[in-house]
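Only one structure is covered here, and it is reproduced in the block below.
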Amino acid sequence: MKYYVTADVHGYFTELKIALTEAGFFEDTEPHKLIICGDLFDRGEEALQLQEFLMDLLNKDQLILIRGNHEDLLLKLLLTRKFLPHNSINGTAATLESFFGSYSIDPTDNTIDLSGKEQTVNSLCRFIYSTSNYFETENYVFVHGWMPENV
(Lines give C-alpha, C1' and ligand atoms only; values in the text may rest on other atoms or scores of the structure.)
Protein backbone atom coordinates (compact mmCIF):
# COMPACT_ATOMS: atom_id res chain seq x y z
CA MET A 1 0.00 0.00 0.00
CA LYS A 2 1.27 3.42 -0.94
CA TYR A 3 0.41 6.41 1.27
CA TYR A 4 0.19 10.07 0.36
CA VAL A 5 0.40 12.13 3.55
CA THR A 6 -0.49 15.70 4.37
CA ALA A 7 -1.73 17.74 7.32
CA ASP A 8 -3.26 21.10 8.15
CA VAL A 9 -5.36 21.46 5.01
CA HIS A 10 -7.46 24.09 6.86
CA GLY A 11 -10.21 24.24 4.25
CA TYR A 12 -7.94 24.93 1.28
CA PHE A 13 -9.47 22.34 -1.04
CA THR A 14 -8.12 23.78 -4.30
CA GLU A 15 -4.54 23.75 -3.01
CA LEU A 16 -4.92 20.18 -1.74
CA LYS A 17 -6.27 18.97 -5.06
CA ILE A 18 -3.42 20.68 -6.95
CA ALA A 19 -0.82 19.12 -4.64
CA LEU A 20 -2.38 15.65 -4.99
CA THR A 21 -2.48 16.03 -8.76
CA GLU A 22 1.19 17.06 -8.86
CA ALA A 23 2.09 14.11 -6.62
CA GLY A 24 0.27 11.67 -8.94
CA PHE A 25 -2.45 10.64 -6.49
CA PHE A 26 -5.24 10.59 -9.09
CA GLU A 27 -3.17 8.79 -11.74
CA ASP A 28 -1.72 6.16 -9.41
CA THR A 29 -2.91 2.70 -10.46
CA GLU A 30 -1.42 0.86 -7.48
CA PRO A 31 -3.37 0.55 -4.20
CA HIS A 32 -2.98 3.86 -2.38
CA LYS A 33 -4.56 6.02 0.31
CA LEU A 34 -4.41 9.60 1.42
CA ILE A 35 -3.63 10.22 5.09
CA ILE A 36 -4.55 13.64 6.43
CA CYS A 37 -3.02 14.28 9.83
CA GLY A 38 -5.59 16.69 11.20
CA ASP A 39 -6.85 20.23 10.87
CA LEU A 40 -9.15 19.71 7.92
CA PHE A 41 -11.11 22.92 8.36
CA ASP A 42 -10.85 26.53 9.57
CA ARG A 43 -9.24 29.42 7.72
CA GLY A 44 -9.86 28.43 4.08
CA GLU A 45 -13.19 29.07 2.44
CA GLU A 46 -13.70 25.66 0.79
CA ALA A 47 -14.73 23.53 3.77
CA LEU A 48 -17.86 22.20 2.10
CA GLN A 49 -16.04 21.24 -1.10
CA LEU A 50 -13.28 19.65 0.97
CA GLN A 51 -15.73 17.58 2.99
CA GLU A 52 -17.51 16.37 -0.16
CA PHE A 53 -14.17 15.35 -1.71
CA LEU A 54 -13.09 13.57 1.47
CA MET A 55 -16.43 11.74 1.77
CA ASP A 56 -15.92 10.46 -1.78
CA LEU A 57 -12.43 9.19 -0.87
CA LEU A 58 -13.81 7.59 2.32
CA ASN A 59 -16.46 5.79 0.28
CA LYS A 60 -13.70 4.49 -2.03
CA ASP A 61 -11.61 3.41 1.01
CA GLN A 62 -8.82 5.75 -0.11
CA LEU A 63 -8.65 7.98 2.98
CA ILE A 64 -7.44 7.85 6.56
CA LEU A 65 -8.36 10.85 8.71
CA ILE A 66 -6.45 11.78 11.84
CA ARG A 67 -8.18 14.17 14.23
CA GLY A 68 -6.56 17.53 14.85
CA ASN A 69 -7.31 20.29 17.31
CA HIS A 70 -9.46 22.15 14.76
CA GLU A 71 -11.77 19.14 14.44
CA ASP A 72 -12.13 19.23 18.23
CA LEU A 73 -12.89 22.98 18.12
CA LEU A 74 -15.58 22.55 15.47
CA LEU A 75 -17.11 19.57 17.23
CA LYS A 76 -17.29 21.46 20.54
CA LEU A 77 -18.94 24.41 18.82
CA LEU A 78 -21.50 22.18 17.07
CA LEU A 79 -22.35 20.30 20.27
CA THR A 80 -22.53 23.27 22.65
CA ARG A 81 -23.70 25.92 20.15
CA LYS A 82 -21.63 28.40 22.18
CA PHE A 83 -19.63 30.86 20.10
CA LEU A 84 -16.41 31.86 21.87
CA PRO A 85 -14.02 34.69 20.91
CA HIS A 86 -11.35 32.27 19.69
CA ASN A 87 -13.82 30.87 17.11
CA SER A 88 -13.29 34.00 15.01
CA ILE A 89 -9.51 34.01 15.43
CA ASN A 90 -8.94 30.30 14.65
CA GLY A 91 -11.25 30.30 11.62
CA THR A 92 -14.13 28.20 12.93
CA ALA A 93 -16.54 31.05 12.17
CA ALA A 94 -15.53 30.89 8.49
CA THR A 95 -16.04 27.12 8.54
CA LEU A 96 -19.55 27.57 9.94
CA GLU A 97 -20.34 30.03 7.17
CA SER A 98 -19.02 27.59 4.57
CA PHE A 99 -21.31 24.82 5.82
CA PHE A 100 -24.35 26.77 6.98
CA GLY A 101 -24.32 30.08 5.12
CA SER A 102 -25.44 32.87 7.38
CA TYR A 103 -26.19 32.15 11.01
CA SER A 104 -27.03 34.29 14.00
CA ILE A 105 -25.46 34.56 17.42
CA ASP A 106 -27.59 35.55 20.41
CA PRO A 107 -25.69 38.46 22.03
CA THR A 108 -27.00 37.63 25.51
CA ASP A 109 -25.39 34.20 25.76
CA ASN A 110 -23.36 33.78 22.51
CA THR A 111 -25.53 30.85 21.43
CA ILE A 112 -25.46 30.04 17.72
CA ASP A 113 -28.81 29.47 16.06
CA LEU A 114 -28.53 26.47 13.74
CA SER A 115 -32.21 25.57 13.91
CA GLY A 116 -33.43 23.86 10.78
CA LYS A 117 -29.88 22.72 10.01
CA GLU A 118 -29.72 19.64 12.24
CA GLN A 119 -29.08 17.28 9.33
CA THR A 120 -25.91 19.18 8.43
CA VAL A 121 -24.86 19.41 12.09
CA ASN A 122 -25.34 15.65 12.55
CA SER A 123 -23.50 14.88 9.31
CA LEU A 124 -20.52 17.01 10.36
CA CYS A 125 -20.44 15.46 13.82
CA ARG A 126 -20.47 11.93 12.33
CA PHE A 127 -17.70 12.98 9.95
CA ILE A 128 -15.52 14.27 12.81
CA TYR A 129 -16.26 11.18 14.91
CA SER A 130 -14.97 9.07 12.00
CA THR A 131 -11.47 10.45 12.53
CA SER A 132 -8.82 8.59 14.52
CA ASN A 133 -6.25 9.82 17.02
CA TYR A 134 -3.49 8.10 15.08
CA PHE A 135 -2.75 5.64 12.29
CA GLU A 136 0.01 3.09 12.49
CA THR A 137 1.88 1.09 9.86
CA GLU A 138 4.72 -1.36 10.45
CA ASN A 139 7.32 1.44 10.46
CA TYR A 140 5.42 4.68 11.07
CA VAL A 141 2.87 6.29 13.36
CA PHE A 142 0.88 9.20 11.94
CA VAL A 143 -0.55 11.76 14.36
CA HIS A 144 -1.57 15.40 14.31
CA GLY A 145 0.79 16.46 17.06
CA TRP A 146 0.20 14.27 20.07
CA MET A 147 -0.68 10.75 21.19
CA PRO A 148 -3.45 10.03 23.68
CA GLU A 149 -2.21 8.71 27.00
CA ASN A 150 -4.32 5.56 26.89
CA VAL A 151 -2.72 4.17 23.71
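The values are calculated or read from the model by the stated rules, or taken from the named source; none is laboratory data. No experiment lies behind these values; they were computed from the predicted model shown. Cβ sites come from the backbone with ideal geometry, for glycine too, and all protein chains shown count toward neighbours. What goes into the accessible areas is simple: the full protein's heavy atoms, side chains included, and nothing from ligands, DNA or RNA. Shrake-Rupley method; radii C 1.70, N 1.55, O 1.52, S 1.80 Å.
Under 8 Å for C-alpha pairs, at least 6 residues apart: give me the relative contact order for the chain, rounded to a whole percent.
Values: 221 pairs, mean separation 35.5, N = 151.
In percent, rounded to a whole number, it is 23.
Using only alpha carbons, build the gyration tensor for the chain and give me the equivalent ellipsoid semi-axes, biggest first, whole Å. Don't skip to the answer; put the middle values down first.
Details: eigenvalues 170, 59, 33 Å².
Ellipsoid semi-axes (Å, largest first): 29, 17, 13.
Per residue, how many Å² of accessible area does the chain show with a 1.4 Å probe?
On the way: 8440 Å² over 151 residues.
For the chain, the per-residue accessible area is 56 Å².
Once both labels are modelled 7 Å past Cα along the beta-carbon direction, what's the residue 21-residue 106 spacing in nm?
Rounded to a tenth, the inter-label distance reads 4.6 nm.
In debye, nearest 20: dipole of the chain around its Cα centre with unit charges on the Cβ of K, R (+) and D, E (-)?
Numbers: 11 positive and 23 negative charges, 64 e Å.
Roughly 300 debye for the chain.
Give the peptides 120-130, 19-29, 4-14, 37-47 in descending order of average Cβ contacts within 10 Å, highest first. Present the calculation step by step, with values, prior to reporting the outcome.
Values: 120-130: 14.4, 19-29: 11.5, 4-14: 18.1, 37-47: 22.5.
Per-residue Cβ counts within 10 Å, averaged per peptide and sorted highest first, yield 37-47, 4-14, 120-130, 19-29.
Mind ranking 111-119, 48-56 by how tightly packed they are, going by the mean number of other C-beta atoms within 10 angstrom, highest first?
On the way: 111-119: 12.2, 48-56: 16.7.
Highest to lowest by the protection proxy: 48-56, 111-119.
Can you list residues from other chains, or at least 5 along the same chain, whose modelled amide H is less than 5 Å from the amide H of residue 4?
When sequence neighbours closer than 5 places are left aside, the close amide H contacts are 33, 34, 35.
Suppose we keep just the DSSP beta bridges with both residues in the chain; what percent of those would be antiparallel, to 5? Don't jump to the answer; show the numbers that get you there.
On the way: 6 of 16 bridges.
Looking only at bridges with both residues in the chain, the antiparallel portion is about 40 percent.
From the phi of every residue in segment 48-65, what ³J(HN,Hα) in whole Hz does the Karplus formula 6.51 cos²θ - 1.76 cosθ + 1.60 yield, where θ is phi - 60° and glycine or proline is x?
Result, rounded to whole Hz: 5, 4, 4, 4, 4, 4, 5, 4, 5, 5, 4, 5, 8, 6, 10, 9, 10, 10.
Share of the chain's accessible area from carbon and sulfur, percent, 1.4 Å? If you can, show how the numbers build up before the last one.
On the way: 4220 of 8440 Å².
Whole-percent figure for carbon plus sulfur exposure: 50.
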